[in-house]
Structure formats: C-alpha cells, structure tokens
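**Student:** After the structure tokens below, expect a handful of questions from me.
Since every read-out is calculated from the coordinates, none of them should be taken as a lab result. The shown structure was predicted, so the numbers you read here are calculated from the model rather than taken from an experiment. Please note: Cβ atoms are built from the backbone with ideal geometry, for glycine as well, and neighbour counts cover all protein chains shown.
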Amino acid sequence: MQRLAVIAKLKPESEKRAVELIKAGPPFDPDRLGFERHSVYLSGNQAVFVFEGGRLDHLLQGVIRDPDNLRVFGAWEPIIEGFPAVAREAYSWQRGSNGEGVGGVACLRTAIGIES
C-alpha cells in the first residue's frame, strides 16, 4: 500500500474555515474511487491530507480530473498560502504479527536510498 501526504500552509486566521471544510468531508467518494484510507490532520497553520491505497498516482488523477471536485477544492484556495507540498512516505512502523516491528532502519534506508 502506498501513502502520500499533501501539506497545505494555511493563511493566518483561517483555521476556523478549514475546520468547516473538513467537516463537510472530501469532495469525492474515497471508497468508490478505490482509496484504502483518507484522513486530514489540522494544526494552527497547516492542513495535512493523507491518502492511502494502491497506485495512488492513478487514484489521485481520478480525483483531480473530475470537474465537480475542482469546484470544491476551490473553496480551499482563499485560505491556503502558496502551493501545497506533496510528501511521500519515508518511514513507517507497525507492529507485526509476531510482536516485532515491521519497518525500522532497513525500511528508512531503502526509502532514502542508502544501501545496507
């Protein structure tokens, strides 16, 4: 499964509007489009949209190409400063079935291109 985060810097005093937009839910049906998981994290000056699923490049293209989605995304434009950044997963850890972690240093080395 692939994971991707889109990080948007919020303009000052816009957190309340961001909360309203988040409460309205995504402008697309994540299940219908094939996402495994979608979540949004909000801090005082950032909104982080996390997408999880297989072939994320393909899934996100489906979201971006839909004209109805673009209208809803436009509601974010007045409260976002600059252009959002895309962050690809560089490290992940989860408990394995044997109680040991899956991921760790080996996965981090692979993600950032360091040979073992």
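**Student:** Please find the FRET efficiency linking Asp68 to Ser43, where r is the Cβ-Cβ separation and R0 is fixed at 30 Å, and quote it to the nearest 0.05.
**Tutor:** Values: r = 28 Å, r/R0 = 0.95.
The computed FRET efficiency comes out at 0.60.
**Student:** Roughly how compact is the range 2-90, stated as its Cα Rg over 2.2 N^0.38 Å to two decimals?
**Tutor:** Working: Rg = 12.7 Å, N = 89, 2.2 N^0.38 = 12.1 Å.
In units of the 2.2 N^0.38 Å rule of thumb, it is 1.05.
**Student:** Tell me the Kirkwood hydrodynamic radius of the range 24-64 in angstroms, computed as one over the mean inverse distance between distinct C-alpha pairs.
**Tutor:** After inverting the mean inverse Cα-Cα distance, the result is 11.0 Å.
**Student:** While we're on this one: Checking the a/c ratio against 1.5 first, then a/b against b/c, what shape does the Cα gyration tensor give for the range 1-49?
**Tutor:** Cα axes put the range 1-49 in the oblate bin.
**Student:** Turning to a different aspect of this structure: Multiply the residue gap between Trp93 and Ala75 by 0.36 nm, knock off their C-alpha separation, and tell me the result in nm, one decimal place.
**Tutor:** Taking 0.36 nm per residue and subtracting the Cα distance, the gain is 3.0 nm.
**Student:** Moving to a separate point now. Starting from the Cα of Lys9, draw a straight line to each of the aspartates and glutamates and keep only those under 14 Å, dropping any in the same chain fewer than 8 residues away.
**Tutor:** Here the aspartates and glutamates satisfying the reach criterion relative to Lys9 are Glu77, Glu81.
**Student:** Please tell me the relative contact order of the range 2-90 in percent, rounded to the nearest whole number, where contacts are Cα pairs under 8 Å and at least six residues apart.
**Tutor:** Relative contact order for the range 2-90 comes out at 49 percent.
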